[in-house]
Amino acid sequence: PIPASSEERRDLRPLVDGGVIQRLDPETDEELTTFVDLALDLDDGEAETAAIAIHRGGALATDDRKAIRVLTARAPAVQLYRTSVLLRQWAPKKNIADARVREVLLLVERLASFVPPRGDPAREWWRSINE
């Protein structure tokens, strides 16, 4: 079923319990210092995630333009992924039918109020799927 609104909360416990996602917290003084430093420019969630990615050699998924700008300048080694790019990679990798991809993109647009902005590397792909 399709949720009624973006206000509906998601229970992520099954994904955590199944090992699909993992909750990480800053563990070292360096991670905490970087988190505090980044929190001057970014919201706490983005700053915490970025600090962990910087110190553990991870990647970060974000569509926040300010976060992308700050991290590109301050931590160019951190690989950044956008929603549109992740979905564009997911669809052929998992052999997802175009109709299902279109449904997913429409849900993202409706529930997350997200449409790839100008300059997004997968904007044209997104638009072509939704035609």
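The values are calculated or read from the model by the stated rules, or taken from the named source; none is laboratory data. All values reported here derive from a predicted model rather than from experimental measurement. Cβ placement follows ideal geometry from the backbone for every residue including glycine, while neighbour counts extend to all protein chains displayed. The accessibility values were calculated without ligands, DNA or RNA, using every heavy atom of the protein model including side chains. Shrake-Rupley method; radii C 1.70, N 1.55, O 1.52, S 1.80 Å.
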**Prompt:** Leu60 passes all but one of (1) of a type in the set (A, V, I, L, M, F, W, C); (2) in contact (Cβ under 8 Å) with a residue 24 or more places away in the chain; (3) within 24 Å of Arg23 (Cβ to Cβ); (4) buried (at least 17 other Cβ atoms within 10 Å of the Cβ); which number fails?
**Reply:** (2)
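Going by the structure shown, is Glu124 of a type in the set (Asp, Glu), part of a helix (DSSP H, G or I) and exposed (fewer than 13 other Cβ atoms within 10 Å of the Cβ)?
yes
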**Complete:** Of the conditions (1) open to solvent by less than 80 Å² (accessible area, probe 1.4 Å); (2) under 17 Å from the mean Cα position of the chain (by Cα); (3) hydrophobic (A, V, I, L, M, F, W, C), the single one that Val101 does not satisfy is (2)
**Prompt:** When you scan region 43-92, how many residues do you find that are in a loop (DSSP other than H, G, I, E, B) and farther than 21 Å from Ser113 by Cβ?
**Reply:** 6
**Sole exception among (1) closer than 18 Å to Ala122 by Cα; (2) free of Cβ contacts under 8 Å to residues at least 24 places away in the same chain for Val108, by number** = (2)
**Message:** Show the residue pairs meeting these rules: Cβ distance below 6 Å; 6+ apart or different chains; first residue within region 17-41 and open to solvent by less than 60 Å² (accessible area, probe 1.4 Å); second residue among the aromatic types (Phe, Trp, Tyr).
**Reply:** Pro26/Phe35
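Conditions tested, residue by residue: (1) open to solvent by less than 40 Å² (accessible area, probe 1.4 Å); (2) out of contact with any Ser or Thr (no Cβ under 8 Å at 6 or more places or on another chain).
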residue	(1), (2)
Glu46	yes, no
Ala51	yes, no
Arg82	no, no
Lys94	no, yes
